[in-house]
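One structure is given below, encoded as structure tokens.
The values are calculated or read from the model by the stated rules, or taken from the named source; none is laboratory data. Keep in mind that what you see is a predicted model, and the values were worked out from it rather than measured. Quick reminder, even Gly has a Cβ in these numbers, built from the backbone with ideal geometry, and neighbours come from all protein chains shown. What goes into the accessible areas is simple: the full protein's heavy atoms, side chains included, and nothing from ligands, DNA or RNA. Shrake-Rupley method; radii C 1.70, N 1.55, O 1.52, S 1.80 Å.
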Amino acid sequence: MNRLINENSAYLRKSASQRIDWYPWSQEAFERARAEDKPVFLSSGAIWCHWCHVMAEESFEDDEIVEILNKNFICIKLDRDERPDIDRRLQLAVQTITGTGGWPLTVFMTPEGQPFFGGTYFPPEDRYGRPGLRRVLKTVLDFYRKNRQEVLEYSSKLMRGLSDNIKITGDIQYSLIEKAGESIISSFDLQNGGFGRAPKFPMPGAIEFVINRLFFEGKENFLKNILYRTLYGMAKGGIHDQIGGGFHRYSTDGAWIIPHFEKLADDNAWILRNYIDAFCLTGEDYFREVAEGIIRFVTTELTDPEGGFYASQDADVTPEDEGGYFTWTYNDLKEVLDERELAVISRHLFHERGSMHHNPEKRVLFIAMEPEEIAEELKINIAEVKEIIKEAKIKLLLARNRRQQPFIDRNLYTSLNGMMIGSFIKAARFLDHAEAGREALRALERILRLRYKEGELFHSEGVKALLDDYIYLAEALLLAHEFTGRKDFLERSIQVMDGAIEKLYDHSSGGFFDTEEPVLGIRLKSVEDIPHPSPNSLAIVVLLKLFHLTDRRDYLRLAEDSLRTFSKRAFEAGIFSCYFFVSLDMYFNMLRLSLYTEDRELRKTALQTFRPLATLHYPEKGMIMLEETGYILPCLRERCLEPVRTKEGLIEFLKEFRQY
């Protein structure tokens, strides 16, 4: 038994019985490395990561590898969900060295804590065109011993190069929004939807930008094709759990069919927002259905009974059977379904393109044939086909629930909870989903009790908050204020955001650093979506909202400084920084609706009518009535418009009023 048995991280505890002399990330590990003059071997991963478990079983249980590591290295195990700040820096270092990154992340470091070599997955021996870990360990150790000074100089230079000092700034230009649209179009996969090639990740920042632009520019343009093809492609593919709802992390192919099977809270939170907004914009019932499926998955699998949202559901039950819990053979279907159901489902969801590489009999379920096609082929009524599909899915889910289930990481991380709380509040407002609203507010109260102590915010137990935690929690509090009208939520949002400004804002160059103190000797300041939206981009949105709700001009100034700071870099990154352009869009097109009314119907209409880039303002009591029923005052940036006094008038205004 090594030192990991008492760690908070389930991922670290999973390695506690390994024979490797693991340390958690600690000063103690590096002190021992310096005392014994040994390099550090660090493995970073996550409980949901399939290849992390494969490497643990293949390489970290290998007798020779265990002996080499324990004799010649000080070994550290890192949970990337628990310490994303450390993992982010090591990812950048390994990407600089090798051109690739991901998990498991394997890093060789000096006793001073500076990386000098690394990679991702290493099998025990040479395989798949990859060098084996045995050979890598021996080669690195030999090089380290013979070239110590060169290693130290290189590792120092590497970390200096990663230090993120953005000096080139740009202007706040409306034309950048148009150029961002061009970047999205150029990256769009015309055949399958989505952006880029395999492996293909959902890119919620880009999708949100498209939805907003469609609203402002009108629905009949190429962006509509992007939105429909992407959201339908994802929802009909194997990346979408057709039985249990929710989305897997990414697709290994361009057509969204074969996923990596882990289901993460952050991915599902942002994808949920996309489908809610798309439903509001288009009225497509299928988008609502997908959104409600995500909510069912989260409330069933990732919701703590006492409030709060868990971090993830693992990809596998065992590494040998990748995706085994989620995949089906024909015989599996035959055991669960009657003859009529089998005839429909085998056409609708069961296709050879879903075959798993390690066992082609096992298949990922995806929509291979539409109900209309099935009805025509089987000569039965379309309504009957849809009813059969519905009943068969219920049977399949019940059968799947009897299988050994993948591990759930029950850690309550502040950042992930902030994301999901915000998305559930959206569901409560725009889908009229009462349960989502209740769970969002319960989670918010729980996270405030657990993670916000004596004015200090924490990422998890004992780990100080990072930028992600501050910004996602501040946004969640703002959305809760808009949803409930409760002033205390606004006050807490201001408190959290002011804390972020005090501890993380770069007052010399603009933008937020990711940590309060340097980690591995550096602080990072980025605007890239990874792939969920960048906290620096979302911070601009929060600052703009707070300015409009409080009239504090320091919030506006900081938002403008951040827009200038990241403008050029975001433009160069294009689609990979798309949420920056959402925040830029908000700068020009944000609408404040001040509710100078106690009329319930008018307030409910303001709460439930979709308009991108808007915020709800609840004026102080005593400032309300100029007339008996009151009114709603819309203001665009710093220009107020004609008051709206009726439900019908507000719906018409929000539908017709467009942009800057």
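Taking (1) touching a residue at least 12 places away in the same chain (Cβ under 8 Å); (2) outside any loop (DSSP other than H, G, I, E, B); (3) over 25 Å from the mean Cα position of the chain (by Cα) in turn, E178 satisfies each apart from (1).
Scanning the range 12-23 for residues being open to solvent by 10 Å² or more (accessible area, probe 1.4 Å) and within 20 Å of Y413 (Cα to Cα) gives a total of 2. Picking from residues in the range 234-251 that are buried (at least 22 other Cβ atoms within 10 Å of the Cβ) and not in a loop (DSSP other than H, G, I, E, B), the one that is nearest to the chain's Cα centre (by Cα) is F247. Of the candidates A315, A368, A399, the single residue that is modelled with pLDDT of 95 or more, among the small types (G, A, S) and within 17 Å of I258 (Cα to Cα) is A368. Taking the range 218-233 as the range and being open to solvent by 60 Å² or more (accessible area, probe 1.4 Å), free of Cβ contacts under 8 Å to residues at least 12 places away in the same chain and either more than 21 Å from Y286 (Cα to Cα) or not in a helix (DSSP H, G or I) (or both) as the test, only E220 passes.
How about the range 552-594: which of its residues are in contact with a Ser or Thr (Cβ under 6 Å, 6 or more places away or on another chain), open to solvent by 30 Å² or more (accessible area, probe 1.4 Å) and not in a strand (DSSP E or B)?
Answer for the range 552-594, where residues must be in contact with a Ser or Thr (Cβ under 6 Å, 6 or more places away or on another chain), open to solvent by 30 Å² or more (accessible area, probe 1.4 Å) and not in a strand (DSSP E or B): just R564.
For the range 184-203, which residues satisfy the criterion of being open to solvent by 10 Å² or more (accessible area, probe 1.4 Å) and either in a helix (DSSP H, G or I) or on the phi > 0 side of the Ramachandran plot (or both)? Answer for the range 184-203, where residues must be open to solvent by 10 Å² or more (accessible area, probe 1.4 Å) and either in a helix (DSSP H, G or I) or on the phi > 0 side of the Ramachandran plot (or both): I185, S186, S187, G196.
Within the range 293-308, residues that are aliphatic (A, V, I, L, M) have Cβ atoms under 6 Å from residues that are assigned to a loop (DSSP other than H, G, I, E, B) in these pairs: I294/G245; I294/G246; L302/Y310, counting only partners at least 6 apart in sequence or on another chain.
Restricting the first member to the range 581-600 and to residues that are under 22 Å from T646 (Cα atoms), and the second to residues that are of a type in the set (S, T, N, Q) and outside any strand (DSSP E or B), the beta-carbon pairs closer than 9 Å and six or more apart or on different chains are T597/T629; E598/T629; D599/T629.
Total residues in the range 539-597 satisfying the condition of being of a type in the set (G, A, S) and touching a strand residue (DSSP E or B) at 6+ places or on another chain (Cβ under 6 Å): the figure is 2. Could you identify the single residue in E125, E112, E150 that is at pLDDT 95 or above, outside any loop (DSSP other than H, G, I, E, B) and open to solvent by 10 Å² or more (accessible area, probe 1.4 Å)? Result of the check over E125, E112, E150: E150.
Screening K503 against (1) free of Cβ contacts under 8 Å to residues at least 60 places away in the same chain; (2) within 30 Å of K200 (Cβ to Cβ) leaves a single unmet condition, (2). For the range 614-630, filtered to residues that are among the hydroxyl-bearing types (S, T, Y) and at pLDDT 95 or above, the residue that is surrounded by the fewest Cβ atoms within 10 Å (Cβ to Cβ) is Y618.
When you scan the range 462-489, how many residues do you find that are small (G, A, S) and in a helix (DSSP H, G or I)? Here the count works out to 3. Considering the range 345-461, the qualifying helices (runs of 4 or more DSSP H), each wholly inside and each with 3 or more residues that are of a type in the set (A, V, I, L, M) and without any contact (Cβ under 8 Å) to a residue 12 or more places away in the chain, run over 382-401. Annotation for the range 534-547: at least one member residue is in a helix (DSSP H, G or I) and free of Cβ contacts under 8 Å to residues at least 24 places away in the same chain. Against the definition (within 23 Å of L141 (Cβ to Cβ), open to solvent by less than 60 Å² (accessible area, probe 1.4 Å) and touching a strand residue (DSSP E or B) at 6+ places or on another chain (Cβ under 9 Å)), how does P84 come out, yes or no? Judged against the criteria, P84 is not a match.
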